[in-house]
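Remarks on the structure that follows.
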Amino acid sequence: MVDLAFLLVTFFMLTASFRQVEPVVIEAPSSIAEDLLPENVVQVTIDKDGRAFFGMSGFEVRKNTLRQIAEEFSLKLDEDHYQKFAGMNMFGVDTRQLPQYLMLSESERENLGSKGIPYDSTNNQLKTWIDLGRREAAKEYQRLKEEAKERNRPFKDDGLRYAIKADGKAPYDKVKAVIQIFKDLNIYRFNMITNVEEEPKI
Amino acid sequence: MAELNAGGGAGHGKHEKKRAKKLSTRVDMTPLVDLAFLLLTFFVLTATFNKPKVMDLNFPYDKEDANDVKSEVRNGITLIASGNDKLYYYSGGLDKDPKLTEISYKADGLRKLLLERNAEVVSQIKALGEKAQKTKMADTTFKREVVKIQSFPDALVVLIKNDDKAVYKNIIDIVDELNITKVGRFVVVDELDPKEKLMLEQIKTNP
């Protein structure tokens, strides 16, 4: 029994992914939805003041996206920056400040705070992030698919999904603006992240 | 496993008498097991609650004009969310000069209204659910049948609108109520019609 208990402990310890420190606290509204968040996502988070944060899954995909971004915004980055960025699940600073921000420690980042990624019509950095992010995700998807085919392995087909996590108190016109960005990129289907609530009997 | 067999047991006579007392070498495993189970419980609990739940939401293509669809809708409601958690609704098309009415987000407000207006669909889905349990219908078949019932011509169609004062929670609450009351056809529309703006102004100044 003790053996078994320790076996299980080891198993759960190894499979558990630790929650990372998020730059903002979001109190999502609740719904009866029970679907799980897909593995492969581009996620935009909107806090109650309407600040936008960007995140996506996949270590390699994040690195490649940052490479494209660095080119787009002519940022000077080294391998250290890429490593730091790959380990970060979400960020919300102006892209031009990103190199400095990446080199800060976790507590320093917390003290600095996040102003959010700009997404107004004159400076729509969020759109660039989403667009480049989904391109890199699509490339990675193709690569994995070919690799699976070559090795004759089954390929788990989970295409890229777009998740939006917004604070219940976020003004809807801010959320609308973010959704409009997605619509401009021909994306109309979203997964809204909500807290679980019991389905009432009707 | 945890016991050590000390002493050969082959000693005889004088040697054995010199030893003071044979100490038990069994280790007490209770604290160890306690700790193991504590950790186990911790990891099990954190692992299952880690993954967030999502609600699927589709938005209309920009090219599609929501007002075009409206004319052929037989059973339609337009909900308008506003600031301070206020919600208003009117039935039918705008061309028939509908009356805007305030309604609450609570179960006796919005949900009651939707259930009344969507009663046919709700009862059919309930019947289908019972049938599905009896005949052990496949999940995908069940879902397909539900969609079929929901797109029935007399089924309720809902337009969700807002004047830019609403918060995100309002919209999610509405969509959630629609999911609870099995309304399959609804759409979140961004812009208010000038006529709707006027109606909102009126009801706010003079409720």
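Is it true that A:Thr95 is more than 14 Å from every other protein chain (Cβ to nearest Cβ), among the β-branched types (Val, Ile, Thr) and in contact with a helix residue (DSSP H, G or I) (Cβ under 6 Å, 6 or more places away or on another chain)? The answer is yes for A:Thr95.
Would you mind stating whether B:Glu145 is of a type outside the set (Phe, Trp, Tyr), surrounded by fewer than 17 Cβ atoms within 10 Å (Cβ to Cβ) and without any contact (Cβ under 8 Å) to a residue 40 or more places away in the chain? It is false that B:Glu145 is of a type outside the set (Phe, Trp, Tyr), surrounded by fewer than 17 Cβ atoms within 10 Å (Cβ to Cβ) and without any contact (Cβ under 8 Å) to a residue 40 or more places away in the chain.
Residues that are surrounded by 15 or more Cβ atoms within 10 Å (Cβ to Cβ) and in contact with a Gly (Cβ under 6 Å, 6 or more places away or on another chain): does the stretch A:80-91 have at least one?
Just the residues of the stretch A:80-91 that are surrounded by 15 or more Cβ atoms within 10 Å (Cβ to Cβ), to begin with: A:81-82, A:84-86, A:88-91.
The next check asks that each one be in contact with a Gly (Cβ under 6 Å, 6 or more places away or on another chain); those that pass are A:89-90.
Scanning the stretch A:80-91 turns up at least one residue that is surrounded by 15 or more Cβ atoms within 10 Å (Cβ to Cβ) and in contact with a Gly (Cβ under 6 Å, 6 or more places away or on another chain).
Rundown of residues vs (1) farther than 28 Å from A:Pro29 by Cβ; (2) free of Cβ contacts under 8 Å to residues at least 60 places away in the same chain; (3) touching a strand residue (DSSP E or B) at 6+ places or on another chain (Cβ under 9 Å), yes/no style:
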residue: B:Ile77; (1), (2), (3): no, no, yes
residue: B:Ile80; (1), (2), (3): no, no, yes
residue: B:Gly92; (1), (2), (3): yes, yes, yes
residue: B:Ser104; (1), (2), (3): no, yes, yes
residue: B:Leu128; (1), (2), (3): yes, yes, no
residue: B:Gln133; (1), (2), (3): yes, yes, no
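Screening A:Arg62 with (1) under 11 Å from the mean Cα position of the chain (by Cα); (2) exposed (fewer than 15 other Cβ atoms within 10 Å of the Cβ); (3) assigned to a helix (DSSP H, G or I) gives one miss only, at (2).
Taken over the stretch B:90-100, the residue count meeting the criterion of being surrounded by fewer than 15 Cβ atoms within 10 Å (Cβ to Cβ) and assigned to a loop (DSSP other than H, G, I, E, B) is 2. Considering the stretch B:101-142, and only residues there that are among the β-branched types (Val, Ile, Thr) and under 22 Å from A:Pro200 (Cβ atoms), the residue that is surrounded by the fewest Cβ atoms within 10 Å (Cβ to Cβ) turns out to be B:Ile103. Within the stretch A:38-66, work out how many residues are more than 17 Å from A:Pro118 (Cβ to Cβ) and either away from every other protein chain (no Cβ under 11 Å) or not charged (D, E, K, R) (or both). The qualifying residues number 16.
If you scan the stretch A:166-202, which residues turn out to be under 19 Å from A:Asp120 (Cα atoms) and part of a strand (DSSP E or B)?
Within the stretch A:166-202, A:Ala166, A:Pro171 qualify.
Could you list all residues from the stretch A:184-199 that are more than 18 Å from A:Gly55 (Cα to Cα) and either more than 7 Å from chain B (Cβ to nearest Cβ) or touching an Asp or Glu at 6+ places or on another chain (Cβ under 6 Å) (or both)? Within the stretch A:184-199, A:Asp184, A:Asn186, A:Asn195, A:Glu197, A:Glu198 meet the criteria.
Laboratory data are not the source of any read-out in this text; all were calculated from the coordinates shown. A quick note: this is a predicted structure, and the numbers were derived from the prediction, not measured. Counting neighbours? That spans all protein chains shown, and the Cβs are built from the backbone with ideal geometry, glycine included.
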